[in-house]
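Let me begin by presenting the structure, written as structure tokens, before commenting on it.
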Amino acid sequence: QVQLVESGGGLVQAGGSLTLSCAASGNIFRINAMGWYRQAPGKQRELVAGITRDGNTNYAYSVKGRFTISRDNAKKTVYQQMNSLILDHTQIYYCNPDVTTWDNGGQYYYWGQGTQVTVSS
């Protein structure tokens, strides 16, 4: 079993900042790529940002320059710094690591429970 604990969401005024964290634990041999997704009510979940084990990053066009994804491999944690938040950033954010497990060496994607980000005017 792999457990993911997300934190850092909350209520912030437009123009403010938040930092999301996602800590992984459990049956983990290696965490490969890690990503953050988001989902608004009635819409499909979409990729916000991704980071490889080596630190190469990619971002959705809409968040480039506002969001920064990073990771700490020793802590098995991925972060997302979100700056200059706007109302449209009000969504649930999910982390999504690609994990190679100890027990069978398989590679699986896991989802966090989601953390709500609410931006107010």
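Residue-wise test of (1) among the β-branched types (Val, Ile, Thr); (2) open to solvent by 60 Å² or more (accessible area, probe 1.4 Å); (3) free of Cβ contacts under 8 Å to residues at least 60 places away in the same chain.
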residue	(1), (2), (3)
Leu11	no, yes, no
Leu20	no, no, no
Ala23	no, no, yes
Ile28	yes, no, no
Ile31	yes, no, no
Gln44	no, yes, yes
Leu47	no, yes, yes
Gly50	no, no, yes
Arg53	no, yes, yes
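Yes or no: Arg38 surrounded by 13 or more Cβ atoms within 10 Å (Cβ to Cβ), more than 17 Å from Gln113 (Cα to Cα) and either modelled with pLDDT of 95 or more or out of contact with any Phe, Trp or Tyr (no Cβ under 7 Å at 6 or more places or on another chain) (or both)?
When the stated conditions are applied, Arg38 does not pass them.
What about Gln3, is it under 20 Å from Val99 (Cα atoms), in a strand (DSSP E or B) and modelled with pLDDT of 95 or more? Please lay out each step first, then the result.
On the way: under 20 Å from Val99 (Cα atoms): yes; in a strand (DSSP E or B): yes; modelled with pLDDT of 95 or more: yes.
Spelling it out, Gln3 is indeed under 20 Å from Val99 (Cα atoms), in a strand (DSSP E or B) and modelled with pLDDT of 95 or more.
State the number of residues belonging to the range 58-67 that are farther than 16 Å from Asp88 by Cα and open to solvent by 70 Å² or more (accessible area, probe 1.4 Å).
Within the range 58-67, the subset farther than 16 Å from Asp88 by Cα is 58-59.
From what is left, the residues that are open to solvent by 70 Å² or more (accessible area, probe 1.4 Å) are 58.
Count: 1.
Scan the range 95-121 for residues that are open to solvent by 30 Å² or more (accessible area, probe 1.4 Å) and more than 18 Å from Arg53 (Cβ to Cβ) and jot them down. Talk me through it step by step, then tell me what you get.
Initially, the range 95-121 is screened for residues open to solvent by 30 Å² or more (accessible area, probe 1.4 Å), giving 102-105, 107-111, 113, 116, 118, 120-121.
The answer is Asp103, Asn104, Trp111, Gln113, Gln116, Thr118, Ser120, Ser121.
Is it true that Leu87 is on the phi < 0 side of the Ramachandran plot, out of contact with any Phe, Trp or Tyr (no Cβ under 9 Å at 6 or more places or on another chain), of a type outside the set (Val, Ile, Thr) and open to solvent by 60 Å² or more (accessible area, probe 1.4 Å)? Steps first, please.
Values: on the phi < 0 side of the Ramachandran plot: yes; out of contact with any Phe, Trp or Tyr (no Cβ under 9 Å at 6 or more places or on another chain): yes; of a type outside the set (Val, Ile, Thr): yes; open to solvent by 60 Å² or more (accessible area, probe 1.4 Å): yes.
Yes; evaluated as a whole, the condition is true for this residue.
The values are calculated or read from the model by the stated rules, or taken from the named source; none is laboratory data. The structure displayed is predicted, hence computed values, not measured ones. Every residue, glycine among them, receives a Cβ derived from its backbone with ideal geometry; neighbour counts consider all protein chains shown. Accessible surface is based on the protein model in full, side chains and every heavy atom, while ligands, DNA and RNA are left aside. Shrake-Rupley method; radii C 1.70, N 1.55, O 1.52, S 1.80 Å.
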